[in-house]
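The values are calculated or read from the model by the stated rules, or taken from the named source; none is laboratory data. Here the structure is a predicted model, which is why all the values come from computation and not from measurement. Using ideal geometry, Cβ is built from the backbone for each residue, glycine included, and neighbour counts are taken over all protein chains shown.
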Amino acid sequence: MEPGTELIDRARHGDGEAFRALTEPHRRELFVHCYRMLGSVQDAEDALQDSLLAAWRGLAGFEGRASLRTWLYRIATNRCLSMLRSASRRPAKEWDIPGIEPPEPTGLGECAWLEPCPDHLLEGALAAPLGPEARYEQAEAISLAFVTALQALPPRQIAVLILRDVLGFHADETATMLGSTVDSVKSALKRARAALERRRLTAVDHDPPPTAGTAAEDAIVSRFVRAYGSADVHALVALLTDDVFMSMPPLPLEYRGRPAVARFCARMFGAGRRFDLVPTRANGQPAFGAYLCAGTGIRHGTGLFVLTLAGDRICAMIRFENGVFPSFGLPRSLPPAAG
């Protein structure tokens, strides 16, 4: 329901509490929109803050021709486009794990800035109202695979596909938001859909993942924790699909297929390295903080794994650096294990 004119008038006259009352119901979904566009939690938070500041300063120009929500999406979308076009994105970095030499990768990634989104930042956002033309389930549209695929598109195509196919805005609404024409929006959407379809056709069809929080998901996750925690490469490989994919932003290294991922994991477990895993969730998917067990007993956080499940197998493992731990409420280190 749209806010009353009295609340808008108060905000226009400098009432900060009225402005927060106007924007707070949309804050979480706007953050998720920025995250989809930018692929980075930090960048999304910056874009959201800039967008709300622009809305505060520009509220006098809000004429009510569109809903307040649509107006806020217009501001946030254009802020994200500006960030994408000025693109000083996080660069790829070199391997820096001392004493471990990675095996030859099967490919090199181009999305070094990708970050996982903690599930607690998604709460409430995925239940936001969608327009009648939305084509994607909200859970799919926040998955790491989908967000990664978006990053390969040109900025305007990213914006159009999200506004049209994820959020379900009409073509004329989208054109107004982007200061464009309906024909231009339709053309950009056609190209974006074609690019995502080409990406889908090059991938192997997998079984759908088990529902979050079910016994089926718990079973595969428990097997992964046991295999990884005991450095059992054979048990770990048994959980993977034949075409399993592993990447590790901001490192550009990618490994595809069981043999390649097995070689990487065997190298990581070399010299007696052992890890404890602390569960969390990212992008609606199972995730784990990985802690390396040191000789002192202290366990040091080394990275965060996000798993993509397919039936009772794992079809993707994305490893992020420990700099993402604060967003997940994970400590940088753990005390010695009891006993």
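Return the pair list, or none, for Cβ contacts closer than 6 Å from residues in region 150-178 that are farther than 20 Å from Gln138 by Cα to residues that are of a type in the set (D, E, K, R) and modelled with pLDDT of 95 or more, at least 6 apart or on different chains.
That search, which allows pairs on different chains as well, returns Met177/Arg74.
Please state which one of Thr296, Thr211 is farther than 29 Å from Gly124 by Cβ, in a loop (DSSP other than H, G, I, E, B), at pLDDT below 95 and of a type in the set (S, T, N, Q).
After ruling out the rest, the residue left standing is Thr296.
Among the residues in region 190-202, are any in contact (Cβ under 8 Å) with a residue 40 or more places away in the chain and touching a Cys at 6+ places or on another chain (Cβ under 9 Å)?
no
What do you reckon, is Val244 touching a residue at least 12 places away in the same chain (Cβ under 8 Å), of a type in the set (Val, Ile, Thr) and closer than 24 Å to Glu101 by Cβ?
yes
Given the criterion assigned by TED's automatic domain parsing to the domain that holds Pro129, touching a residue at least 12 places away in the same chain (Cβ under 8 Å) and either more than 23 Å from Gly179 (Cβ to Cβ) or in contact with a Ser or Thr (Cβ under 6 Å, 6 or more places away or on another chain) (or both), identify the matching residue among Leu59, Leu72, Leu22.
Leu22
Restricting attention to region 133-169, report how many residues are in contact with a helix residue (DSSP H, G or I) (Cβ under 8 Å, 6 or more places away or on another chain) and either part of a loop (DSSP other than H, G, I, E, B) or hydroxyl-bearing (Ser, Thr, Tyr) (or both).
10
Give the residue that is farthest from the chain's Cα centre (by Cα), with candidates limited to residues of region 269-289 that are crowded, with 20+ Cβ neighbours inside 10 Å and closer than 20 Å to Ile100 by Cβ.
Phe275
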